[in-house]
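Student: I am attaching a structure below and will ask some questions about it afterwards.
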Amino acid sequence: MYEILDDRYLSPNVKQFEVLANRIARKQQPGQFVIIRLHDRGERIPLTIADSDRERGTIQLIVKAVGKTTQEMMNLSRGDAILNVVGPLGIPSHIDLFGTAVAIGGGVGAAITYPIARALKEKGNRLITILGASQENQLILLDKFSELSDQIYVTTDDGSLGEKGKVTDVLMRLIEEEPAIDYVHAVGPLQMMEEVSRLTKKSNIQTVVSLNPIMVDGTGMCGGCRVRIGGETRFACVDGPEFNAHEVDFKTLNQRNEMYLDQERESLDRFNLEQGSEKSTSSPFDPDCKLKKILPSNF
Amino acid sequence: MPQQDPLIRKYNFEEVNQGLLVELATLEAERCLDCSSSPCIQGCPVGVKISEFIDLVRKKEFLKAAQKIREDNVLPAITGRVCPQEIQCEASCVLGKNFEPVAIGYLERFVADYEKNHGGVVLPQLEEPTGKKVAIIGSGPAGLSAAGDLALKGHSVTVYEALHELGGVLIYGIPEFRLPKSIVEDEINNLRRLGIQFETDIVVGKTVCISELMGEEGFDAVFIATGAGLPKFLNIPGEDLKGVYSANEFLTRVNLLKAYLFPDYDEPVYETEGKVVAVIGGGNTALDAIRTAVRLKASKSILIYRRTMTEMPARKEEIEHAEEEGVLFQFLTQPLEFLGDHNGVLKAIRCQRMSLGPPDSMGRKSPVPIPDSEFIQEIDLCIVALGNGANPMVQSSDSKLKVDPRGYIKVNEDSLQTSIPGVFAGGDVVTGGATVILAMGAGRRAARSIDKYLRSPTPTR
């Protein structure tokens with residue numbers, strides 16, 4: 001059992017948990033993930049570790065409610081526990097002094113981007129961050145990225161905060177400007193990562209993406225997370241989850257991620273139905289923990 | 001062996017074999033010639049004193065018979081169910097030359113079950129505590145058998161498991177209908193009673209490293225028994241289509257995560273009910289997978305193998321059971337390509353007919369393609385069961401640990417010691433995919449040499 005020491009909503013459907021997991025906290029490096037299982041009927045799902053606190057022996061998990069398990073996690077709070085948490089899995093991000101590095105976080109992908117961006121900055125890179133989301137309340141970690149970044153850009157699909165448009169609109173502009181971009185790290189929806197990859201490939205900018213295929217064991221045993229990289233089959237859990245974006249077969253990955261769409265929907269509907277009969281209609285989103293929007297002047 | 005009727009068991013996950021009754025077991029034991037040479041013992045990878053335990057069965061001393069087996073085999077209820085006896089002990093049985101060999105496997109199982117149902121296991125006496133600590137990585141058959149032997153020798157043993165449940169392939173791989181999970185749990189509880197500690201959710205190489213186990217965690221020796229990893233694929237076009245599984249994934253979803261009970265359990269498995277399911281391969285895992293598909297109500301369950309039934313590496317009994325349950329065997333067939341629709345959903349498989357050519361280096365006849373024999377078979381789900389490569393988890397975390405070009409851990413053949421002093425390895429992570437009993441044999445051998453290492457006056461650390 002892994003106890004939840006703290007929890008808070010980052011947006012109406014995104015929650016951050018501080019989970020007691022001593023061994024994992026001690027080992028965690030940017031880019032790594034855990035596999036969790038909530039209870040003895042639960043599925044195993046991968047979640048990226050957003051941060052860790054070695055002294056407290058805790059890891060931070062940032063979870064968006066998309067499927068049954070993540071929806072169920074919205075009900076968890078301080079004092080609750082997660083039955084199984086295993087990790088840190090995957091190969092840590094390769095952090096180097098590239099020069100000018102662009103960190104891109106799409107939606108809840110920003111949670112994965114954050115420790116990587118911080119490591120890039122600590123290494124001495126000039127850090128440009130681009131955060132994107134569908135709307136203002138889906139943007140997470142804006143304040144933390146603001147503190148960290150030399151430059152930060154924000155886009156929303158509806159223009160409710162920052163620039164109306166996509167992260168790739170900003171990236172496209174930056175590629176044409178000086179100074180030249182040496183490195184791009186992008187995490188977010190597949191479509192976004194694919195589009196980023198397409199842009200940087202044209203300009204020959206080294207680009208890494210973090211992939212999110214379906215996983216079961218996370219130790220290389222099942223092969224469910226296999227992805228096509230440069231024409232080869234690789235296992236995201238042991239060979240990734242980060243890969244050279246220009247080699248990723250996004251189309252196949254997208255299709256494979258839809259393998260259980262029907263079952264996922266069935267499971268979620270059933271869960272919501274059960275919940276609906278028990279729960280009041282009030283939103284779980286606490287307005288007091290709304291985002292602090294401290295933006296640098298160049299925003 | 002009494003069995004569940006095939007027409008009934010097709011629709012449930014309960015054990016197929018129902019076990020012998022006392023009368024039948026005693027009668028069977030009486031068939032043993034008690035020959036002086038006991039070739040059956042040489043045929044056993046862990047050296048169970050077969051003639052002695054059968055003699056005790058004949059005398060109806062069933063509990064003593066169980067204790068006799070336990071001197072050499074800490075998991076008799078398991079091996080009695082999953083060992084390929086026909087190529088081991090029973091293959092060496094003198095009776096087998098002219099008649100059916102003594103059903104040693106059935107007797108072993110009978111004795112272990114009898115013990116369980118009559119007061120439980122009488123655990124052997126532990127030797128004096130040595131004060132030495134041994135870490136075992138992996139709770140599959142190699143790890144469990146080493147753990148048992150080392151605990152008996154008086155060492156303090158901790159077993160680390162990456163998954164959330166103990167048992168390794170015995171839990172995630174072998175289905176309930178062949179090896180009930182409760183049997184594995186019972187055997188593990190017996191090991192707990194020997195004082196062995198178990199920790200789940202620990203991926204050695206990630207959560208903790210070997211150097212840390214041997215350093216700050218204070219272990220005197222480590223045994224790596226992580227088993228096989230990385231399932232092999234055919235590397236043919238279309239293998240990433242929705243509906244193509246490795247046997248490991250399919251079985252893990254169903255066995256470990258109980259996807260057959262979805263949506264009561266959260267883990268899903270691709271829809272099989274009323275679908276055509278094919279398995280590629282001829283080993284025990286292939287049969288486990290296709291027989292699981294039968295139970296998940298596939299409309300048609302086909303086993304595709306490029307050789308013939310004679311060359312199948314699977315246990316004979318499993319092949320017979322599969323036939324009884326209506327599995328269709330399509331021999332001398334090699335898949336060439338998976339075909340899907342525009343949504344990336346598997347629809348069919350393009351295959352080629354084979355013929356058998358001259359034997360390969362292993363003595364098995366090699367399949368040779370027949371020209372212009374291609375055909376297309378419509379399928380909805382395909383499970384690839386071609387074995388596994390080496391799991392890189394532990395190896396990649398420690399550069400001092402030497403591996404062979406295929407990634408398997410290099411060990412001294414006698415002692416099973418790796419390139420790191422005090423660190424031993426055995427089972428599939430050394431040999432590549434093999435059987436439960438061979439892994440247990442490796443676990444025993446490792447336990448012996450770890451014990452020797454720990455008792456030597458100056459263990460080289």
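Student: Kindly indicate whether any position in the range A:90-97 is closer than 30 Å to A:Glu177 by Cα and crowded, with 24+ Cβ neighbours inside 10 Å.
Tutor: Just the residues of the range A:90-97 that are closer than 30 Å to A:Glu177 by Cα, to begin with: A:93-97.
With crowded, with 24+ Cβ neighbours inside 10 Å added as a condition, the list becomes none.
No, every residue in the range A:90-97 fails to be closer than 30 Å to A:Glu177 by Cα and crowded, with 24+ Cβ neighbours inside 10 Å.
Student: Would you check if B:Glu217 is in a helix (DSSP H, G or I) and more than 22 Å from the chain's Cα centre (by Cα)?
Tutor: Values: in a helix (DSSP H, G or I): no; more than 22 Å from the chain's Cα centre (by Cα): yes.
No: the conditions fail for B:Glu217.
Student: Out of curiosity, is B:Val203 open to solvent by less than 20 Å² (accessible area, probe 1.4 Å) and within 14 Å of another protein chain (Cβ to nearest Cβ)? Break it down into steps so the answer makes sense when it comes.
Tutor: On the way: open to solvent by less than 20 Å² (accessible area, probe 1.4 Å): yes; within 14 Å of another protein chain (Cβ to nearest Cβ): yes.
So B:Val203 passes the test.
Listed here are the residues, each with its yes/no results for (1) farther than 26 Å from A:Ile59 by Cα; (2) away from chain B (no Cβ under 14 Å); (3) in contact with a helix residue (DSSP H, G or I) (Cβ under 8 Å, 6 or more places away or on another chain); (4) at pLDDT 95 or above.
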{"position": "A:Ala117", "(1), (2), (3), (4)": "no, yes, yes, yes"}
{"position": "A:Gly124", "(1), (2), (3), (4)": "no, yes, no, yes"}
{"position": "A:Leu131", "(1), (2), (3), (4)": "no, yes, yes, yes"}
{"position": "A:Gln138", "(1), (2), (3), (4)": "no, yes, yes, no"}
{"position": "A:Glu147", "(1), (2), (3), (4)": "no, yes, no, no"}
{"position": "A:Lys164", "(1), (2), (3), (4)": "yes, yes, no, no"}
{"position": "A:Glu178", "(1), (2), (3), (4)": "yes, yes, no, no"}
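Student: Being more than 14 Å from chain A (Cβ to nearest Cβ), modelled with pLDDT of 95 or more and in contact with a helix residue (DSSP H, G or I) (Cβ under 6 Å, 6 or more places away or on another chain): is that true of B:Val222 here? It would help to see each step written out before you state the result.
Tutor: Working: more than 14 Å from chain A (Cβ to nearest Cβ): yes; modelled with pLDDT of 95 or more: yes; in contact with a helix residue (DSSP H, G or I) (Cβ under 6 Å, 6 or more places away or on another chain): yes.
Taking the combined requirement at face value, the residue satisfies it.
Student: Please return the ranges of strands (runs of 3 or more DSSP E) entirely within the range A:1-108 where 3 or more residues are of a type in the set (A, V, I, L, M, F, W, C) and more than 14 Å from chain B (Cβ to nearest Cβ).
Tutor: Working: elements: A:2-11, A:14-20, A:33-37, A:45-53, A:58-64, A:84-89, A:100-106.
The qualifying strands (runs of 3 or more DSSP E) are A:2-11, A:58-64, A:100-106.
Student: A:Asp143 - would you say it is open to solvent by 60 Å² or more (accessible area, probe 1.4 Å) and not assigned by TED's automatic domain parsing to the domain that holds A:Phe17? Quick ask: steps written out before the conclusion?
Tutor: On the way: open to solvent by 60 Å² or more (accessible area, probe 1.4 Å): no; not assigned by TED's automatic domain parsing to the domain that holds A:Phe17: yes.
No.
Student: Additional query: Taking the range A:251-272 as the search range and keeping residues that are open to solvent by less than 70 Å² (accessible area, probe 1.4 Å) and within 7 Å of chain B (Cβ to nearest Cβ), which one is nearest to B:Pro231 (Cα to Cα)?
Tutor: Among residues in the range A:251-272 that are open to solvent by less than 70 Å² (accessible area, probe 1.4 Å) and within 7 Å of chain B (Cβ to nearest Cβ), the one nearest to B:Pro231 (Cα to Cα) is A:Arg256.
Student: From the set of residues in the range A:224-250 that are facing chain B (nearest Cβ under 8 Å) and of a type in the set (Lys, Arg), which is surrounded by the most Cβ atoms within 10 Å (Cβ to Cβ)?
Tutor: Filtering first and then ranking leaves A:Arg226.
Student: OK, next. Which of the residues belonging to the range A:191-243 are under 30 Å from B:Gly387 (Cβ atoms), in a strand (DSSP E or B) and touching a residue at least 40 places away in the same chain (Cβ under 8 Å)? It would help to see each step written out before you state the result.
Tutor: The first filter runs over the range A:191-243 and keeps only residues under 30 Å from B:Gly387 (Cβ atoms), leaving A:211-243.
Within this subset, residues satisfying the condition of being in a strand (DSSP E or B) are A:226-229, A:232-235, A:242-243.
The answer is A:Glu242, and nothing else.
Student: Going by the structure shown, is A:Val184 under 19 Å from the mean Cα position of the chain (by Cα), over 21 Å from A:Ser134 (Cα atoms), open to solvent by 10 Å² or more (accessible area, probe 1.4 Å) and among the β-branched types (Val, Ile, Thr)?
Tutor: Details: under 19 Å from the mean Cα position of the chain (by Cα): yes; over 21 Å from A:Ser134 (Cα atoms): yes; open to solvent by 10 Å² or more (accessible area, probe 1.4 Å): no; among the β-branched types (Val, Ile, Thr): yes.
Criteria not met by A:Val184.
Student: Follow-up. Looking only at the range B:183-199, which residues are without any contact (Cβ under 8 Å) to a residue 60 or more places away in the chain, not aromatic (Phe, Trp, Tyr) and not in a helix (DSSP H, G or I)?
Tutor: Taking the range B:183-199 first, the residues without any contact (Cβ under 8 Å) to a residue 60 or more places away in the chain are B:185, B:188-189, B:192, B:196-199.
Filter again for not aromatic (Phe, Trp, Tyr), leaving B:185, B:188-189, B:192, B:196-197, B:199.
Hits for the range B:183-199 are B:Ile196, B:Gln197, B:Glu199.
Student: A:Ala117 passes all but one of (1) assigned to a helix (DSSP H, G or I); (2) farther than 21 Å from A:Leu47 by Cα; which number fails?
Tutor: The number of the failed condition is (2).
Student: Now a separate question. Just one of B:Tyr270, B:Tyr305 is open to solvent by 10 Å² or more (accessible area, probe 1.4 Å), more than 8 Å from chain A (Cβ to nearest Cβ) and among the aromatic types (Phe, Trp, Tyr); which is it? Break it down into steps so the answer makes sense when it comes.
Tutor: Values: B:Tyr270 fails: more than 8 Å from chain A (Cβ to nearest Cβ).
After ruling out the rest, the residue left standing is B:Tyr305.
Student: Report the residue count in the range B:156-172 for those that are open to solvent by 10 Å² or more (accessible area, probe 1.4 Å) and either more than 14 Å from chain A (Cβ to nearest Cβ) or assigned to a helix (DSSP H, G or I) (or both).
Tutor: Selection size over the range B:156-172: 3.
Student: Then there's this: If you check B:Leu261, B:Leu234, B:Leu256, which single one turns out to be surrounded by fewer than 22 Cβ atoms within 10 Å (Cβ to Cβ) and more than 9 Å from chain A (Cβ to nearest Cβ)?
Tutor: Details: B:Leu261 fails: more than 9 Å from chain A (Cβ to nearest Cβ); B:Leu256 fails: more than 9 Å from chain A (Cβ to nearest Cβ).
Being surrounded by fewer than 22 Cβ atoms within 10 Å (Cβ to Cβ) and more than 9 Å from chain A (Cβ to nearest Cβ) holds for just one of B:Leu261, B:Leu234, B:Leu256, which is B:Leu234.
Student: For residues that are within 12 Å of chain A (Cβ to nearest Cβ) and touching a helix residue (DSSP H, G or I) at 6+ places or on another chain (Cβ under 8 Å), scanning just the range B:208-219, find the one that is least open to solvent (accessible area, probe 1.4 Å).
Tutor: Within the range B:208-219, the match that is least open to solvent (accessible area, probe 1.4 Å) is B:Val208.
Student: Specify the residue that is nearest to the other protein chains (Cβ to nearest Cβ); the eligible residues are those in the range B:385-433 that are in a helix (DSSP H, G or I) and crowded, with 20+ Cβ neighbours inside 10 Å.
Tutor: Of the residues in the range B:385-433, the ones in a helix (DSSP H, G or I) are B:393-397, B:428-431.
So of that shortlist, the ones also crowded, with 20+ Cβ neighbours inside 10 Å come out as B:393-395, B:428-430.
Values: B:Met393: 6, B:Val394: 10, B:Gln395: 11, B:Asp428: 11, B:Val429: 12, B:Val430: 17 Å.
Ranking the candidates gives B:Met393 first.
The values are calculated or read from the model by the stated rules, or taken from the named source; none is laboratory data. Keep in mind that what you see is a predicted model, and the values were worked out from it rather than measured. Glycine also receives a Cβ, built like all others from the backbone with ideal geometry; neighbour counts cover every protein chain displayed. For the accessible areas, the whole protein counts, side chains as well, though only heavy atoms, and no ligand, DNA or RNA atoms are used. Shrake-Rupley method; radii C 1.70, N 1.55, O 1.52, S 1.80 Å.
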